[in-house]
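Okay, so here's the structure we're looking at.
The values are calculated or read from the model by the stated rules, or taken from the named source; none is laboratory data. This is a predicted model, so every value here is computed, not measured. Cβ: placed from backbone, ideal geometry, glycine included. Neighbour counts: every protein chain shown.
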Amino acid sequence: MKMLDLVKSRHSVRKYLPNPVEQSKLDYIMECVRMAPSAVNFQPWRFAVVTEGTALEALKRAYPRDWIASVPCIVVACVNHNESWHRPSDGKDHGDIDVAIAVEHLCLAATEVGLGTCWVCNFDVRLCAEALSLPAGIEPAVLIPLGYAADSVIPEKKRKPMEGILLK
């Protein structure tokens, strides 16, 4: 699939089949994540791939929406700000940027193998950290529900025109 076709196919899925995701697909997706670029190649991320048990149920409680109840897998993208690169001129922490790049690699890889995803940033961080027993310094940044979409319709994307995003 060409890159533009892949990007146009990726969309936020909010209705999942309960079918489990094959380990081979999870392995492929996480290898794509591993290969993502980061500032100074510090790779200040940690990922938890949660497919069962009390941790999965706790993550669903961290984002209590009806649609997430059937998702068979949630990937938690975390950033370690102690490992991230900080720009010398102003101290800007690039950890969140690095994690965002890796998460989009995840979403595109999932789309490529026929799975749906959705960026979830509005969740209970404390509950998430407790569910995964995260050590101090590891911040959950994004939850990515991952699974087979229950609906095959790809919604129309509403995007600004090219002249609306380019600086003159």
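Quick test for you: out of Ala136, Ala102, Ala129, Ala58, pick the one residue that is in a helix (DSSP H, G or I) and surrounded by fewer than 18 Cβ atoms within 10 Å (Cβ to Cβ).
Testing whether each residue is in a helix (DSSP H, G or I) and surrounded by fewer than 18 Cβ atoms within 10 Å (Cβ to Cβ) leaves just Ala58.
Only one of the listed residues (Val71, Val75, Val103) is aliphatic (A, V, I, L, M) and within 19 Å of Val7 (Cα to Cα). That residue is Val103.
Residues that are touching a residue at least 40 places away in the same chain (Cβ under 8 Å) and aliphatic (A, V, I, L, M) within the stretch 1-27 comprise Met1, Leu6, Val7, Val13, Leu17, Val21, Leu26, listed in sequence order. The selection criterion, being surrounded by 20 or more Cβ atoms within 10 Å (Cβ to Cβ), in a strand (DSSP E or B) and modelled with pLDDT of 95 or more, holds for Val79.
Among the residues of the stretch 1-39, those that are more than 14 Å from the chain's Cα centre (by Cα), in a helix (DSSP H, G or I) and surrounded by 12 or more Cβ atoms within 10 Å (Cβ to Cβ) comprise Leu6, Val7, Lys8, Ser9, Lys25, Tyr28, Ala39.
Just name the residue that is surrounded by the fewest Cβ atoms within 10 Å (Cβ to Cβ) out of those in the stretch 139-168 that are part of a loop (DSSP other than H, G, I, E, B) and acidic (Asp, Glu).
Taking the candidates together, the pick is Glu156.
Here Arg46, Arg65, Arg10 are screened, and the one residue that is in contact with a helix residue (DSSP H, G or I) (Cβ under 7 Å, 6 or more places away or on another chain) and either under 18 Å from Cys128 (Cβ atoms) or among the basic types (Lys, Arg) (or both) is Arg10.
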